[in-house]
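Structure first, commentary second.
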Amino acid sequence: MLTKNTKLIKNCKPALLKLFRKDLKKYIELFFWEKEVSGPEDSDIFDVLEKAGLISKHHSAYSANVMVYPLKDKFIITDFIFSTRRKKIIKVGREIQTLFVRKRDQVWAMLPHETPQIISRLKIKEGDVVLDLATGSGAIALFCADHAEKVYATDINPKAIVYAQFNAILNNLEHKIEFRIGDLFSPVKNIRFDYIVWNGPTVAAPNVANPKTTYALSDFGGPDGATFSRKFINQVSPFMKKDSTIMFYDSCLGNKKRSVAVDYIAKKFSNDNYQIEINHLNKNRGIPLLITRRFFNKYRNGKFPLAFDNFQEVDTSEKRWWKWLKANKLNYVHFSIVKIIPNPAKKFEISERFPLKNIITPSFIFKEWHFMKETGIRKIFETEGTLIKTALSAGFASPKPWRRRVIS
């Protein structure tokens, strides 16, 4: 269990940084591969981390209780995508399968094509009041707090708020962030924000009778991945100022032209003077569902199911789901950072920006940290502005080259 002792939490950062600089391989083995490792020569490092609840000692070896993601000048505590120590034995037909499963209250892990992409595009001004909705580990709130006057961070998951508060103290930003528990905008009634940002549940998955007993809170975005997005768009207006910026991560389904979330925004804001800026994470607007389906089947039908329970119901409804997707011509998966900003031209407009090089590819969507090579993880650190073994960069990483296109 994570400590609530502020002094002990603050002592974790120098200990983590010391381990990161001194023995990066051991850091990766512990906090990315979930391996048991021997204690370092400087036992004070592991003593601090153990007392804080980040690691546990088993005889003479240590193992991580959480993932600790280094990003720019910060360390961020999250759950692992899947814990290899959390196994479930199920029977599929005549076969017995061992699965690594998630938990209902699992805190969404850091993935390089999601939260870090949002963070690298933040443009928070001094004096801004910011809402980080569905904050999860609080990673986005931390980087907003570097510049904002105040940040409100909310989540429906009480465990996520515990992690986010820990991370705020760990990175000396607890005085800038107020944490509240609740669904969507319910915790921040009667407040208007300069900047609203979120990375919520946008995973498209088969519908079931009760998603709450099947999928993690952080995952399920409905059969097209846009259920949460539509609720957000319907409710956001009373919390905006005239010059507010909205930004969120979109990974829902759609056709070749656009995602269902962007299509919904276009209908909702078509009579307003907003510019919808779609920052695609791959060169070709979206990835064909047939391509991602091959990886999805390999991933879900292997050791890493999307569901944490009700596996039989998911299998049964999956066949109906694929037919529904085909009937509704939802044949592309879109990955983008969507920005809604006031348009100086005083008209509604949608523009698209494309990277010159793919940030996300089909195979990478389903990569799992436990099975990535050390060189691959090191490369991600370097790409995100984390300087290996010397220091962590305090600045934002330079954005990738883009090409822009106005489409309406």
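Would you check if there is a residue in the stretch 114-125 being over 20 Å from the mean Cα position of the chain (by Cα) and not basic (Lys, Arg)? It would help to see each step written out before you state the result.
Within the stretch 114-125, the subset over 20 Å from the mean Cα position of the chain (by Cα) is 125.
So of that shortlist, the ones also not basic (Lys, Arg) come out as none.
No, the conditions are met nowhere in the stretch 114-125.
Mind checking which pairs have a first residue in the stretch 231-257 that is over 16 Å from His334 (Cβ atoms) and a second that is outside any strand (DSSP E or B) and open to solvent by 70 Å² or more (accessible area, probe 1.4 Å), Cβ under 8 Å, 6 or more apart or different chains?
So the pair list comes out as Asn234/Lys268; Pro238/Arg192; Phe239/Arg192; Met240/Arg192; Lys241/Arg192; Ser244/Arg192; Thr245/Lys123.
What's the total number of residues in the stretch 136-166 that are surrounded by 24 or more Cβ atoms within 10 Å (Cβ to Cβ), aliphatic (A, V, I, L, M) and under 15 Å from the mean Cα position of the chain (by Cα)? First the steps, then the outcome.
At the first step, the residues of the stretch 136-166 found to be surrounded by 24 or more Cβ atoms within 10 Å (Cβ to Cβ) are 136-145, 148, 151, 153-155, 160, 163-164, 166.
Okay, now just the ones that are also aliphatic (A, V, I, L, M), so 139-142, 145, 148, 151, 153, 160, 164.
Then keep just the ones that are under 15 Å from the mean Cα position of the chain (by Cα); that gives 139-142, 153, 160, 164.
Within the stretch 136-166, residues that are surrounded by 24 or more Cβ atoms within 10 Å (Cβ to Cβ), aliphatic (A, V, I, L, M) and under 15 Å from the mean Cα position of the chain (by Cα) number 7.
Does any residue of the stretch 81-89 turn out to be touching a residue at least 60 places away in the same chain (Cβ under 8 Å) and either under 21 Å from Lys25 (Cβ atoms) or not hydrophobic (A, V, I, L, M, F, W, C) (or both)?
yes
Of the conditions (1) open to solvent by 40 Å² or more (accessible area, probe 1.4 Å); (2) assigned to a loop (DSSP other than H, G, I, E, B), Gln106 clears all except one; give me its number.
(1)
Table: residues versus (1) modelled with pLDDT of 95 or more; (2) more than 24 Å from Leu306 (Cβ to Cβ); (3) part of a strand (DSSP E or B).
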{"site": "Met110", "(1), (2), (3)": "no, no, no"}
{"site": "Pro116", "(1), (2), (3)": "no, no, no"}
{"site": "Lys123", "(1), (2), (3)": "no, yes, no"}
{"site": "Asp132", "(1), (2), (3)": "yes, yes, yes"}
{"site": "Leu142", "(1), (2), (3)": "yes, yes, no"}
{"site": "Tyr152", "(1), (2), (3)": "yes, yes, yes"}
{"site": "Lys159", "(1), (2), (3)": "yes, no, no"}
{"site": "Val162", "(1), (2), (3)": "yes, yes, no"}
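Here is a yes/no grid of residues against (1) farther than 27 Å from Val208 by Cβ; (2) at pLDDT below 95; (3) within 22 Å of the chain's Cα centre (by Cα):
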| position | (1), (2), (3) |
| --- | --- |
| Thr227 | no, yes, yes |
| Ile233 | no, yes, yes |
| Met240 | yes, yes, no |
| Ile246 | yes, no, yes |
| Cys252 | no, yes, yes |
| Asn255 | no, yes, no |
| Asp263 | no, yes, no |
| Ala266 | yes, yes, no |
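Filter the stretch 16-42 down to the residues that are among the aliphatic types (A, V, I, L, M) and touching a Leu at 6+ places or on another chain (Cβ under 6 Å) and list them by number. Step through it out loud before you land on a result.
Taking the stretch 16-42 and keeping what is among the aliphatic types (A, V, I, L, M), we get 16-17, 19, 24, 28, 30, 37.
Within the stretch 16-42, Val37 is the sole residue that qualifies.
Quick one: which strands (runs of 3 or more DSSP E) sit completely within the stretch 1-94 and have at least 1 residues that are open to solvent by 30 Å² or more (accessible area, probe 1.4 Å), touching a helix residue (DSSP H, G or I) at 6+ places or on another chain (Cβ under 9 Å) and of a type in the set (S, T, N, Q)?
By residue number, 55-58.
Which residue pairs have Cβ atoms closer than 8 Å, lie 6 or more positions apart in sequence or on different chains, and pair a first residue in the stretch 107-132 that is free of Cβ contacts under 8 Å to residues at least 40 places away in the same chain with a second residue that is open to solvent by 10 Å² or more (accessible area, probe 1.4 Å) and of a type in the set (A, V, I, L, M, F, W, C)?
Leu111/Ile81
The values are calculated or read from the model by the stated rules, or taken from the named source; none is laboratory data. Predicted, not measured: the structure shown is a model, and the values here were computed from it. All Cβ positions, glycine included, derive from the backbone under ideal geometry; neighbour counts span all protein chains shown. The area values use the complete protein model at the heavy-atom level, side chains included, leaving out ligands, DNA and RNA. Shrake-Rupley method; radii C 1.70, N 1.55, O 1.52, S 1.80 Å.
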